[in-house]
Structure formats: structure tokens, C-alpha cells
Amino acid sequence: MSPPELWLPVEINFDARGLPQREKRFLRALIEASDAMEEAFLRQMGRSPRNVGQPIAEALYPPDLTRAEFEAYLERHPDQREALLSPYTVVRRRGDDLIAVPYHEEYRPQVERAARALRAAAELAASPSLQKYLAGRAEALLGDDYYQSDVDWINVVDSAYEIIIGPYEVYFDRLMGVKTAYMSVVGRVDVEESWKLAAYSQYLPQLEESLPYPRPQGHTDRAKANAFAIVRDLYRAGDIRYGFQAIANNLPNDPRVISEYGSKKTFFMNMMEVKLQRIVRPLVEPLLDQDQLPHFNLEADFMRVLFHEIAHALGPRWVARDGQRISVNEALKERYSALEEGKADLVGFYSAHQLIRQGVIPAQRELELQVAHLTARLRTIRHGVEQAHGLASVIQLNHHLHNGAIGYDPDSGRFRVDGPGLNDSIRELMERFLALEALGDYEEVGRLYAEYGRPPDVVRAALERTAHVPVDVRPTYRILWE
Ligand SMILES: [Zn+2]
């Protein structure tokens, strides 16, 4: 874990002074709901946010519960399995038993506060589809049934504001990788730019078809249309506010919703720009081959992120188990997150490559995307192998270095990509990742991590040379009301 002084403080301001009163009241309600999520999240963490580099949930399970004990208990009590492994329950001891307490009971004061604020925001919202989502989300938080409001959220159109609120990601559950963390992010939507991205949706079925992995019998899952939102984020709370700052996300995570309605990708452009200037450039300049440095740019890096997010919606979602189907993350437990992040890197690159070959993306982007793939690995490896994106990047770097697809010059200390070699190396590793997800092979994923999960020496040395560059930004959000 990096010392706290390496997180670069940045202030993100939003000027609301010129907005109509009604819009200001609407925004204030969204901020209020977000603050309630912050409170709920801090309770999930069970410790003070001051100590938080990467958030780890400490209050979701009994503190002395081990994975082995929990799994043995689940074996003996199959009837409790669903409740105890639910993304929306905390696990408590009662005598010799384990019991599941729903989030909406455990965090009742916080979810009630959030629900009140969301209902108020719904009354003030300008877009009918957003009104529907906000009112539905209030109900969802009170009962932990998110399905319908997840669908409504994907279907929000023509709103100048985005709010992603609720329990979503499972990264901070280091025990089982199934419990979700409360978060909220409020953003202002660039409607025109968002629509431009929608053009990529038409290629999704074709990209899904082109992925090499074993489909289960009677496989009918098709990649559904994607919604895209380009936003400027103006407030973050809960999970998304701590640790590494997301520049994009792909939600919801409920595989039923993804199968039936697809998902929405949100891109936080102001965060992307600030990180590129303050973190990525200073890191990459001394590490990247000087001839390849000019090919590193924001446009290509944005495209890399775009396809990473698209790729989260591609590939296996279900695993066959004893005649039933379970989700891939249930099968892979705490090993899932890093594998899924690596899959998104690899499938994302592969998908963009397919579209370059078809002329949909200009050919000049090929080298830029290869360079972006390398630089993204070098920056996320700094998250450490404890973190999903960090481990995923270490595995990829090891594989590409081993294949000679990424070269290292010991004299200059710089890395470079071998274009055709990298294309092949990515495809090879991608097939392995996809097969592991399709089979839900927990043991084999463990072997992959053991084989490739240690940072190679040349990478370690390079990171030492750039240790003065902050690992990430630590934003504070300020809205100017008057
Ligand atoms: Zn991702």
C-alpha cells in the first residue's frame, strides 16, 4: 500500500450559481441522497475513512469468520445459501448459526434518508424517464429489490443529469467477492457526445459472436444494446469516492438485467482528463520508448477505456453447476474481480482491433491503442496486486514480456510494444481468461494468479524510478451554489 501523501489532492468544482432555482433544488436533493450513501458505506467499512487507501469491508461479516468456516457452513445449510451470499445482506452470528440481515434493515436510517431525497429529486426532475428512475430507486433502496430500477436507469434518456446510486460493486468484499458497496455519483451529461458513442452498439452482437470461448448448451445469451453517457462528474460519495478513482463504469452488474436489457457505460471525462495530465503523463514519459511516446494521446486512451467498458458486457456471464446456472462471479468468488478486469482489458483490445480491421476505426489508431494498452498496464500495476485492476495488469505484463510482445531496454529503462506480437499475445491470453470464466474454474484461476501474479523485476525497477509520481488523485468536490 502506498503512503497517503502519494495521493494527489485535486479540487473538482462545479458552478451551479447560474442555474434556475428548481434545478438547484433538484441537485441539492441528489447531493443529499449521495451523502446518505456515504454514511451507509462508512458503516459497511466499519472504520474511519481517514485510513482508507483501498476500501476493504470490515463490517459485512463477523470479524472472526474465515472463508473456510463460511463455506463449510454453507455446505451444511444449503437452504441459507442464497440469503447468506446475497449481494444485499450482511452476515451475522446468532449462537452457532450464521444469519443474513438485509441491507435495508441493517442500514435503515441511511437508506430512508436517501429514499426521501430521491423522491424529492424525482418531483423536481425535468426528464420523465429520470423521474421514473429516481422514484423507483427510492423504493428499491428500501427493499433491496433493484431489478426494475436498474432497468429504468438504463432507459433514462434526454436527461442533463446522471445519478448512479445504490449498492453496486463487490471489489471491497475481500472475503467472498459478493457483497455490494453503497455508492453515488452525480454527473452532468454531455448529451450530444453520448449519442455519438451509441453508434458502437450496433457492433456488439458481432463482437460477442467473434469471441472464442465454449458456450454452454442451448446458449442464447446475446449481447444487448448498450447505453452510453459521457458525463462531467460533480459529486462522488461512498465506494466510488475512495481508493482509485474510476474514469468509467459499466453498470448494473445484475446478470439478469444485462442479459435482458444490456448495460450502461458512463465515462467521467473530467476525471479522465485530470488523471491523464497529473498522473499518467508524468508516469509514462520516462517509461515509454521515445519513438512510441508521440502515439500516446487522450483520444486513444479514451477509446481504450470505452472498449474496456464495452467488453465488460461481452463474454460468459453464467456457469453451469449441478444442472443449475450460477453467475460467473459466484463461481469464482474473491478471484472473480481481477479476472473480470483482465478480461475487459483483453476483450476490449481485441474488439477494437476487429473494428480496425473492418475499417470502422481508423487504422492509425492501431499503434496508439497498443501503446495505450501498455501504458494502462504500467499505471494500474501501481495499484498493487491486492487490487483487482492491479493484479490483472501484472498478469498481462508478465505474459506479454514473456512472449516478447512488450520489450524492455535496460539502458534507457523504457518499454515498447511489438505491434503484431502484442496482437497475438493479447488474443492468446484472452482465450485463457474467457475459458476460465466460461468454466467458472476457481482452482485454475488460482493457478494463473500463482503463475503470473508477481510483478516482474524490470517492472518493479521501473516503478521505483517513478515512485515520486502520485498513484492517483484524491478529489474533493465543491459545488458553488450562491
Ligand atoms: Zn473494468
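Structure notes:
- Test: residue 37 is crowded, with 21+ Cβ neighbours inside 10 Å and modelled with pLDDT under 95: no
- Considering residues of segment 382-398 that are out of contact with any Pro (no Cβ under 7 Å at 6 or more places or on another chain) and closer than 20 Å to residue 368 by Cα only, the residue farthest from the ligand (Cβ to nearest atom): 396
- Filter result for the condition that a residue is away from the ligand (no atom under 16 Å from the Cβ) and touching a Leu at 6+ places or on another chain (Cβ under 8 Å), over 357, 416, 379: 416
- Residue within segment 342-356 that is free of Cβ contacts under 8 Å to residues at least 40 places away in the same chain and over 17 Å from the mean Cα position of the chain (by Cα) present: yes
- Restricting attention to segment 375-433, the residues that are small (Gly, Ala, Ser), in a loop (DSSP other than H, G, I, E, B) and over 19 Å from residue 288 (Cα atoms) add up to 1.
- Any hit, segment 437-454, residues being under 24 Å from the mean Cα position of the chain (by Cα) and closer than 26 Å to residue 303 by Cα: yes
- Flag for residue 330 being touching a residue at least 12 places away in the same chain (Cβ under 8 Å), more than 15 Å from the ligand (Cβ to nearest atom), part of a helix (DSSP H, G or I) and within 18 Å of the chain's Cα centre (by Cα): yes
- The number of residues in segment 108-149 being within 15 Å of residue 168 (Cα to Cα) and either among the hydroxyl-bearing types (Ser, Thr, Tyr) or in contact with a Ser or Thr (Cβ under 7 Å, 6 or more places away or on another chain) (or both) comes to 5.
- Failed criterion for residue 338 (all others in (1) touching a residue at least 40 places away in the same chain (Cβ under 8 Å); (2) more than 16 Å from the ligand (Cβ to nearest atom); (3) part of a helix (DSSP H, G or I) hold): (2)
- Residue ID - nearest to the ligand (Cβ to nearest atom), chosen from residues in segment 296-321 that are among the small types (Gly, Ala, Ser) and closer than 16 Å to residue 263 by Cα: 311
- Number of positions in segment 241-267 that are within 13 Å of the ligand (Cβ to nearest atom) and either of a type in the set (A, V, I, L, M, F, W, C) or free of Cβ contacts under 8 Å to residues at least 40 places away in the same chain (or both): 6
- The residue list 142, 134 contains one member that is assigned to a helix (DSSP H, G or I), buried (at least 19 other Cβ atoms within 10 Å of the Cβ) and modelled with pLDDT of 95 or more, which is 134.
- Candidates 372, 338: the one that is at pLDDT 95 or above, closer than 25 Å to residue 474 by Cα and touching an Asp or Glu at 6+ places or on another chain (Cβ under 8 Å) is 372.
- Where residue 346 falls short, out of the listed (1) aliphatic (A, V, I, L, M); (2) part of a loop (DSSP other than H, G, I, E, B); (3) within 14 Å of the ligand (Cβ to nearest atom): (2)
The values are calculated or read from the model by the stated rules, or taken from the named source; none is laboratory data. Just so it is clear, the structure is predicted and the values come from calculations on it, not from any experiment. Reconstructed Cβ throughout: ideal geometry from the backbone, glycine too, with neighbour counts over all protein chains shown.
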